[in-house]
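First the structure, in the form of structure tokens, and then the observations on it.
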């Protein structure tokens with residue numbers, strides 16, 4: 001498990017990048033409407049950092065800053081071209097006021 | 001408008017991004033009947049933006065630029081690749097007939113026109129080898145084959161496509177010259193001030209830039225008269241060239257629609273097929289979408305062609321909904337701001353909205369001298385466009401600001 005930051009350090013609708021995620025790959029951790037989500041930071045279409053993307057809170061998705069592909073923060077699925085491959089999602093754990101990310105699909109209950 | 005249930009067969013003419021997106025939208029919006037997808041290119045649908053960038057550089061292969069998805073097999077599409085539509089006429093028993101170049105006819109209850117555009121060429125008395133345009137996969141393969149290290153490439157036209165090819169060619173160690181008739185590169189879309197900064201970026205990467213001068217002729221190589229040897233400028237200068245790329249804009253593929261009753265802006269289909277914002281045309285049961293259309297631009301305040309990747313990706317669902325007579329899926333406000341991107345010399349360029357001569361230019365972040373900056377264009381005090389280099393987050397924020405100004 002990798003510590004990301006203290007709860008409250010990511011403003012609502014923003015994200016932080018963890019340069020070295022649980023398996024060395026950069027991870028983006030988002031704060032949307034009180035919930036935290038973690039996905040791989042690099043867009044599957046081209047080398048862009050999703051941390052720099054715009055969060056569409058209504059859709060719980062992030063728009064790739066370059067080419068406007070949207071990825072669901074819950075499932076990692078792209079909404080349409082040019083991305084064709086989902087990004088991986090990761091489990092976020094909140095413990096003692098800190099945000100951690102774990103190399104495990106978010107859908108799998110952490111325990 | 002034809003009732004949803006009346007549409008058994010829909011013909012989608014064009015197999016680029018807009019055509020494929022239309023076919024997908026037809027299924028998503030509940031069309032259960034046949035879909036015939038007609039395209040003059042023999043390739044499966046592919047993404048065009050990389051053709052001047054990663055694909056031309058040899059970093060990406062055709063598989064990487066494919067637009068296909070595993071789920072497309074479930075769409076049950078009737079493909080007619082390598083067949084060009086040459087005519088459209090009313091069917092004898094209602095509906096429409098799309099005439100193909102081989103003489104085949106496709107009868108359809110509804111038609112989606114998504115034939116896109118082609119690269120504009122210089123008028124020439126006879127074609128010379130070594131002279132290219134770049135629009136298709138085959139164009140990119142042909143150009144790439146001639147971009148060998150040390151080759152002298154002259155790019156006619158300093159717009160986005162020319163600038164991207166220049167950047168890619170530099171990375172391939174090609175000797176690059178750009179000729180632009182306007183006083184600055186990208187002066188039309190970005191204004192002279194930003195255009196000058198763009199020219200400086202090219203020059204700092206070793207590209208020779210000639211602005212404010214047109215091209216009068218492409219001269220053959222005296223040794224090999226079938227090949228291009230030089231670009232002759234309007235002021236008489238000759239620039240030696242082994243390879244020439246002409247990047248002077250596009251023309252919509254609308255000739256096949258002459259005489260159908262479809263309208264273009266100012267009466268001519270050469271300016272695109274005129275549509276409502278939802279893609280409806282002057283003909284019942286016929287919608288149009290993508291690069292071949294002309295419609296109202298929210299920031300230009302007038303009808304114009306919107307040759308944007310995002311338009312070709314998102315507008316088809318609107319047009320198909322209008323054709324089927326079902327509610328259109330919602331579009332996020334930011335997606336309604338016309339948006340283009342580019343990549344040059346490892347930097348990302350993003351533009352949204354509209355720019356026209358006379359707009360004020362305001363640098364809101366960074367410095368025009370680079371490496372990163374964001375510029376806002378204002379008209380009568382109101383922001384109408386944003387251009388950013390290497391500042392996706394600042395750009396994204398301003399793009400949303402523009403979206404708030406949409407009606």
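Output the residue which, of all residues in the stretch B:346-358 that are away from chain A (no Cβ under 13 Å) and either within 21 Å of the chain's Cα centre (by Cα) or in a strand (DSSP E or B) (or both), is surrounded by the fewest Cβ atoms within 10 Å (Cβ to Cβ).
Within the stretch B:346-358, the first condition is being away from chain A (no Cβ under 13 Å), and the residues that meet it are B:353-358.
Pick out the ones that are also either within 21 Å of the chain's Cα centre (by Cα) or in a strand (DSSP E or B) (or both) and you get B:353-356.
On the way: B:353: 26, B:354: 21, B:355: 24, B:356: 16.
Once the filter is applied, the top-ranked residue is B:356.
Let me confirm something: among B:250, B:268, which residue is surrounded by fewer than 14 Cβ atoms within 10 Å (Cβ to Cβ) and either touching a residue at least 12 places away in the same chain (Cβ under 8 Å) or more than 14 Å from every other protein chain (Cβ to nearest Cβ) (or both)? Break it down into steps so the answer makes sense when it comes.
Details: B:250 fails: surrounded by fewer than 14 Cβ atoms within 10 Å (Cβ to Cβ).
Being surrounded by fewer than 14 Cβ atoms within 10 Å (Cβ to Cβ) and either touching a residue at least 12 places away in the same chain (Cβ under 8 Å) or more than 14 Å from every other protein chain (Cβ to nearest Cβ) (or both) holds for just one of B:250, B:268, which is B:268.
Every condition in (1) more than 14 Å from every other protein chain (Cβ to nearest Cβ); (2) farther than 17 Å from residue B:108 by Cα; (3) part of a helix (DSSP H, G or I) holds for residue B:319 except the one numbered (2). Might you let me know whether the stretch B:41-48 holds any residue that is more than 14 Å from chain A (Cβ to nearest Cβ) and closer than 30 Å to residue B:346 by Cβ? Checked against the condition, which is being more than 14 Å from chain A (Cβ to nearest Cβ) and closer than 30 Å to residue B:346 by Cβ, the stretch B:41-48 yields at least one hit. In a residue-by-residue description of the stretch A:2-10, the property of being in contact with a helix residue (DSSP H, G or I) (Cβ under 7 Å, 6 or more places away or on another chain), touching a residue at least 24 places away in the same chain (Cβ under 8 Å) and either surrounded by 22 or more Cβ atoms within 10 Å (Cβ to Cβ) or closer than 18 Å to residue A:75 by Cα (or both) applies to no position.
Quick grid of which residues meet (1) within 12 Å of chain A (Cβ to nearest Cβ); (2) part of a helix (DSSP H, G or I):
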position: B:291; (1), (2): no, yes
position: B:295; (1), (2): no, no
position: B:303; (1), (2): no, no
position: B:310; (1), (2): yes, yes
position: B:315; (1), (2): no, yes
position: B:323; (1), (2): no, yes
position: B:326; (1), (2): no, no
position: B:330; (1), (2): yes, no
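Being within 14 Å of chain B (Cβ to nearest Cβ), within 28 Å of residue B:312 (Cα to Cα) and within 12 Å of the chain's Cα centre (by Cα) is a condition met by no residue of the stretch A:7-15.
Grab the strands (runs of 3 or more DSSP E) fully contained in the stretch A:20-111, keeping just those with 3 or more residues being away from every other protein chain (no Cβ under 14 Å). Break it down into steps so the answer makes sense when it comes.
Numbers: elements: A:27-32, A:35-40, A:54-56, A:61-63, A:70-72, A:89-95, A:98-102.
Once the strands (runs of 3 or more DSSP E) in the stretch A:20-111 are filtered for at least 3 residues that are away from every other protein chain (no Cβ under 14 Å), what remains is A:27-32, A:35-40, A:89-95, A:98-102.
Within the stretch A:13-71, the residues that satisfy the criterion of being free of Cβ contacts under 8 Å to residues at least 12 places away in the same chain and either within 19 Å of residue B:49 (Cβ to Cβ) or surrounded by 18 or more Cβ atoms within 10 Å (Cβ to Cβ) (or both) are A:47, A:54, A:63, A:68. Evaluate the stretch B:359-372: report whether one residue or more is outside any strand (DSSP E or B), within 10 Å of chain A (Cβ to nearest Cβ) and in contact (Cβ under 8 Å) with a residue 12 or more places away in the chain. Looking through the stretch B:359-372, none of the residues is outside any strand (DSSP E or B), within 10 Å of chain A (Cβ to nearest Cβ) and in contact (Cβ under 8 Å) with a residue 12 or more places away in the chain.
Tell me yes or no: at least one residue of the stretch B:302-310 is out of contact with any strand residue (DSSP E or B) (no Cβ under 8 Å at 6 or more places or on another chain) and outside the structural domain of residue B:380 (by TED's automatic domain parsing). No, the conditions are met nowhere in the stretch B:302-310. Is it true that some residue in the stretch B:139-153 is surrounded by fewer than 20 Cβ atoms within 10 Å (Cβ to Cβ) and closer than 23 Å to residue B:18 by Cα? Yes, there is a match, as at least one residue in the stretch B:139-153 is surrounded by fewer than 20 Cβ atoms within 10 Å (Cβ to Cβ) and closer than 23 Å to residue B:18 by Cα. Of the conditions (1) under 29 Å from residue B:45 (Cβ atoms); (2) at pLDDT 95 or above; (3) not in a loop (DSSP other than H, G, I, E, B), residue B:170 fails just one. Which one is it? Condition not satisfied by residue B:170: (1).
Within the stretch B:2-40, the residues that satisfy the criterion of being touching a strand residue (DSSP E or B) at 6+ places or on another chain (Cβ under 8 Å), outside any strand (DSSP E or B), surrounded by fewer than 18 Cβ atoms within 10 Å (Cβ to Cβ) and more than 14 Å from chain A (Cβ to nearest Cβ) are B:2, B:8, B:33.
Does residue B:281 satisfy the criteria of being modelled with pLDDT of 95 or more, buried (at least 22 other Cβ atoms within 10 Å of the Cβ) and within 16 Å of the chain's Cα centre (by Cα)? For residue B:281, the condition - modelled with pLDDT of 95 or more, buried (at least 22 other Cβ atoms within 10 Å of the Cβ) and within 16 Å of the chain's Cα centre (by Cα) - is not met. Looking at the stretch B:397-405, is at least one residue surrounded by fewer than 20 Cβ atoms within 10 Å (Cβ to Cβ), within 29 Å of residue A:13 (Cβ to Cβ) and away from chain A (no Cβ under 14 Å)? Checked against the condition, which is being surrounded by fewer than 20 Cβ atoms within 10 Å (Cβ to Cβ), within 29 Å of residue A:13 (Cβ to Cβ) and away from chain A (no Cβ under 14 Å), the stretch B:397-405 yields at least one hit. Scan the stretch B:88-121 for residues that are part of a loop (DSSP other than H, G, I, E, B) and more than 23 Å from residue B:322 (Cα to Cα) and jot them down. Listed by number, the residues that qualify are B:92, B:101, B:102, B:103, B:104, B:120, B:121.
Does residue B:64 meet the test of being under 30 Å from residue B:166 (Cβ atoms), surrounded by fewer than 19 Cβ atoms within 10 Å (Cβ to Cβ) and away from chain A (no Cβ under 14 Å)?
Values: under 30 Å from residue B:166 (Cβ atoms): yes; surrounded by fewer than 19 Cβ atoms within 10 Å (Cβ to Cβ): yes; away from chain A (no Cβ under 14 Å): no.
So residue B:64 fails the test.
The values are calculated or read from the model by the stated rules, or taken from the named source; none is laboratory data. Just so it is clear, the model here is predicted, and its values are computed rather than measured. We place every Cβ from the backbone using ideal geometry, glycine too, and count neighbours over all the protein chains shown.
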